[in-house]
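Q: Got a structure for you, questions after.
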Amino acid sequence: MEVLPLLLNTFIIILSIFFYQIVCLDKDRPERTNRWFLLLFSTVAMVMCMAFPIHLFSGHIFDLRYVPILLCYLYGGHRNLLYISIAYLAFRSLLGGEGMVTSVIVYAIVFPLMIIFGPFRPAQRKLKRVLHGTALTVVWALIAVLFSNLRAGREDLLFNWFPIYLILVTTCTMAMSLFILEGICEKMKLRKEVERAEKMYLVGELAASFAHEIRNPLTVVSGFLQLMEKNQIAEEAKPDYLRVMITELERAQAIISDYLAIAKPKTDSIQLIQVEPLLRQIIELMSPYALMNTVSIASSIEQGLQLKADASRLSQSLINIVKNGIEAMPDGGTLEIKAHRKQSKLLIEISDQGVGMTPAEIDRLGTPFYTTKEKGTGIGTMVALGIIGSLGGRTEVHSEKGAGTTFAIILPLQSDSISE
Ligand code: ADP
Ligand code: MG
């Protein structure tokens, strides 16, 4: 057996898996876009495998085309199978040669088998997936060798070196690919889990300041109602009192809906976001917490800027940074939030006049569980930087011990943002 083409085939498959990881899994693209990329990478891998086949000394030729086709189907579903099948049959006819009819017959037998086995189900466990995918590969390889030996008129259909090589090599490559892909998916799931946990923690941390804000309107309303009950309010003053009560209750309602906005489960939907209203909403949301820490928030935000992102995740990351800024000023101060366009990018600056950090501390920023606070988690910054990175942005930190810190967040702007 020629070793070089075999290595090349395996290399092509592994390379396409890594490209898929870089392009899709690390970013937060919608599921549908990921499926298209999966189709693209699998098709390229399949074509490349078929273009560089492995020659055995027995005269047989084979390649690892089944691996990308199966991966495309197992992870991408029925529609992907349909498209890659068309691509496969088209490319196979283009190559021509004696084996074409056999290839088509084998595919016609394997196709319904794939449908019966089905693609991976979301809840399927790692081991089951590996077994499911490997079993399909073995079945396919067996049918392929059987037919190819039949065509060659060999009597020892399954009992020669060709089936052993083909089945062994294809199955091993498939199992290895599944392990790599499952490992990558597991890591992604873990990252999302950490993000979710941090959000719940954030909600808990902010709860005290919100509760405090809601208690004030409730105290006012209940005081007025008690006065009314005892008939201590003049008839003509009642409309005024009612107005005050309604305003106070509306304020409480607004605070609760703000609170629910961050507690809400993640929707994971990329949409066009207006920067200014989003930042105003965050400032409003964080002002009870700032007030509790005697911090005032100043802002200067350019209007009309927009970007594409998941609003709830972007807010979570900004809230984490704003919250750290507030916490860095135990004796109070001003937190400044600026946002403007800078060379076709969006620059958001969040500056505090707090304790600041040494260069060594800045270096450790964003590493899991690094915290200098008694009740800190050391996750907030990591999650915030992770989200910004996944949106194609980056973060620069400027800090001076004892003077304050500025987080500069640079994000890609949507091109149709209104220019000045
Ligand atoms: P936590 O806030 O729970 O400690 P974070 O990941 O949010 O966790 O922050 C990690 C550490 O980074 C903080 O404990 C703090 O020492 C430092 N840090 C983050 N932001 C600032 C800031 N604006 N000023 C000073 N130190 C900061
Ligand atoms: Mg924090």
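No lab work stands behind these numbers, since they all come straight from the coordinates. The structure presented is a predicted model; accordingly, all values stated were derived computationally and were not measured. A quick note on method: Cβ atoms are made from the backbone with ideal geometry, for glycine too, and the neighbour counts reach across all protein chains shown.
Q: Quick one: of the DSSP bridges fully inside the chain, what percent are antiparallel, nearest 5?
A: About 80 percent, rounded to the nearest 5.
Q: I want to check a number: in region 272-399, how many lysine pairs have alpha carbons closer than 30 Å, given a sequence separation of 8 or more or different chains?
A: Eligible lysine pairs with Cα atoms under 30 Å apart amount to 11.
Q: If you rank W36, W161 by fewest surrounding Cβ atoms within 10 Å, what's the result? Let's see the in-between values first.
A: Working: W36 15, W161 12.
So the residues, fewest neighbours to most, are W161, W36.
Q: Within the chain, which complete DSSP H helices have Cα atoms spanning at least 18 Å along the helix axis and a mean Kyte-Doolittle hydropathy of 1.0 or higher? Provide the component values of the computation, followed by the final result.
A: Working: long enough: 3-20 (26 Å, 2.32); 31-51 (30 Å, 0.86); 78-95 (25 Å, 0.81); 100-117 (25 Å, 2.52); 126-151 (38 Å, 0.97); 161-229 (96 Å, 0.52); 238-263 (38 Å, 0.25); 275-292 (26 Å, 0.76); 311-327 (24 Å, 0.11).
Passing helices, by number: 3-20, 100-117.
Q: Rank the residues D63, D363 as a footprinting-exposure proxy: fewest other Cβ atoms within 10 Å of their Cβ go first.
A: Working: D63 22, D363 12.
Starting with the residue having the fewest Cβ neighbours, the order is D363, D63.
Q: Please arrange M200, M286 by counting, for each residue, the other beta carbons lying within 10 Å of its beta carbon, fewest first.
A: Working: M200 10, M286 24.
Going from sparsest to densest Cβ surroundings: M200, M286.
Q: Which value at 222 nm does the chain reach when only helices count, each DSSP H run of 4 or more adding -39,500 (n - 2.57), with the total divided by all residues and rounded to the nearest 500 deg cm²/dmol?
A: Computed mean residue ellipticity for the chain: -21500 deg cm²/dmol.
Q: Got the relative contact order for the chain handy, in percent, Cα pairs under 8 Å and 6 or more residues apart?
A: Here the relative contact order equals 11 percent.
Q: Let me ask you something else. Would you give the gap between the C-alpha center of region 34-82 and the C-alpha center of region 284-312, rounded to a whole Å?
A: 49
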